[in-house]
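We did not get these values from a lab; they are worked out from the coordinates using the rules stated. Computed from a prediction, not measured in an experiment: that's the story for all the values here. Neighbour counts run over all protein chains shown; Cβ positions are idealised from the backbone, glycine included.
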Amino acid sequence: MASQTKPEVNAPPLLDLTIDNITPNAIRINSQSPNARLTYLMARLVTHLHDFARETRLSTDEWMAAITFLIGCGQISNDVRNEFILLSDVLGLSLLVDNINHPTPPNCTEGSVLGPFHTHDAPVLQNGSSMTADPEGEPMLALCTVKDSSGKPIPGVKVDIWETDSSGHYDVQHEGRDEPSERCIMITDDEGRFWFQGLKPVSYPIPHDGPVGKLLLMLKRHCWRPAHVHFMFDKDGWDHLITALYLRGDPYETSDAVFGVKKSLVVDLDKVDKETAEKHGVKEGTWLLKHDFVLSTKEQTEKLRDQLATEALQNLGLNLKLVDHLPVPDLD
């Protein structure tokens, strides 16, 4: 076996490490990258992890249980199920990160969690098409618009839509899935409109047969999500919006397992009248979802994000500056 060339060591020496000095030593040796943002992230991550261990006097058994838990999350994850996204969701981290990165300017639609069941194989359908093949669900017609904060329609927006079937399962949760169902992509017309036929959404449990489900059980938390439909909006020059609409009165409206519900996203359903039924080719009395989505420009969102970041850093007393909208230590 050929001998390996040993790299030259220019790292700071790590000697006589203790409970008190391990943190600054770890930060020092992690601070050799030319990437200031990476250096800052690692410094804060190490600081908070070490402080957590010291504050809780973390036991070896507890730490090994945590490692085993994370290994289990990786082992159960696959192309259609991501246990780590689910973990981020139930800890409230997904919503927190989205709120930080996509703050909502006045009059604009708020975001919500992506969830673990978005796919990239949804078919592009014409407005008015049905995105469901489930004969058991209650039919619903959705009539929606997409506008800017001044009320001007936005044409040509790519709208990704997905929901569960009537049994509370996404298509990817069914064995033998050979094509997408209860999901589609639509493009807004010249008046910013899109409309489709789907199902009245139902409450459903998040996957709870894995490590995250066991954690919720230990915490005496339920695993249910209120009835909702997911939406994702994408167009150059506009902030990328991931959101959902939740049905008012759902039993889990105020205790969503993944913290996705916001008051502005809770909606009421109506019933399709005769005129609307004839216009859209559905039965009179079909459930009707009507909603006006409002997008912010990328510039609007970035300006607000920078403003909120600057205020938050000042309140924390941190000497940082923003580079590409992200804080790094201000060493000037």
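Choose one of Val159, Ala11, Gly213: the residue whose Cα lies farthest towards the positive end of the charge dipole of the chain (beta-carbon charges +1 Lys, Arg; -1 Asp, Glu; about the Cα centre). Selected residue: Ala11.
Averaging the Cα positions of each part gives two centres, and for region 154-216 and region 72-96 these lie 17 Å apart. Using the basic label-point model (7 angstrom from Cα toward the beta carbon), what is the Ser129 to Lys220 distance in nanometres? For Ser129 paired with Lys220, the spin-label model returns 4.9 nm. Comparing mean-square fluctuations of Leu288, Leu91, Leu38 from a GNM of the chain with C-alpha springs under 10 Å, the top value falls on Leu38. Dividing the convex hull volume of the alpha carbon atoms of the chain by its residue count gives 216 Å³ per residue.
Taking Cα centre as origin and charging only the Cβ of basic (Lys, Arg, +1) and acidic (Asp, Glu, -1) residues, the dipole magnitude of region 226-332 rounds to 300 debye. Excluding the site residues themselves, the longest part of the chain lacking any trypsin sites (Lys or Arg not before Pro) in a DSSP loop with at most 14 other Cβ atoms within 10 Å is 58-176. Return the whole-Å distance between the Cα centroid of region 221-286 and the Cα centroid of region 98-150. Taking the Cα centre of each part, region 221-286 and region 98-150 sit 8 Å apart.
Each residue of region 104-296 gets 130 Å³ once the volume of the Cα convex hull is shared out per residue.
Counting only DSSP beta bridges whose two residues both lie in the chain, roughly 75 percent are antiparallel.
Rounded to 0.05, the FRET efficiency of the Ala53 and Gln32 pair, given R0 = 25 Å and the Cβ-Cβ distance, is 0.55. The charge dipole of the chain, taken about its Cα centre with unit charges on the Cβ of Lys, Arg, Asp and Glu (plus for the first two, minus for the last two), comes to roughly 660 debye. Pairs spanning more than 24 Å between alpha-carbon atoms, out of Lys147/Lys290; Lys152/Lys271; Lys200/Lys279; Lys158/Lys271; Lys152/Lys283; Lys158/Lys274: Lys152/Lys271; Lys158/Lys271; Lys152/Lys283; Lys158/Lys274. Charged side chains reduced to their Cβ positions (Lys and Arg at +1, Asp and Glu at -1) give region 104-296 a dipole of some 640 debye around its Cα centre.
Only helical runs count toward this figure. For the chain, summing -39,500 (n - 2.57) over DSSP H runs of n ≥ 4 and dividing by all residues gives -9000 deg cm²/dmol at 222 nm.
Rounded, prolate or oblate: which fits region 76-185 when a ≥ b ≥ c are the square roots of the eigenvalues of the alpha-carbon gyration tensor, with rounded for a/c under 1.5 and prolate only if a/b beats b/c? Cα axes put region 76-185 in the oblate bin.
Extension gain, Arg177 to Trp63, is 37.2 nm, computed as 0.36 nm per intervening residue step minus the present C-alpha separation.
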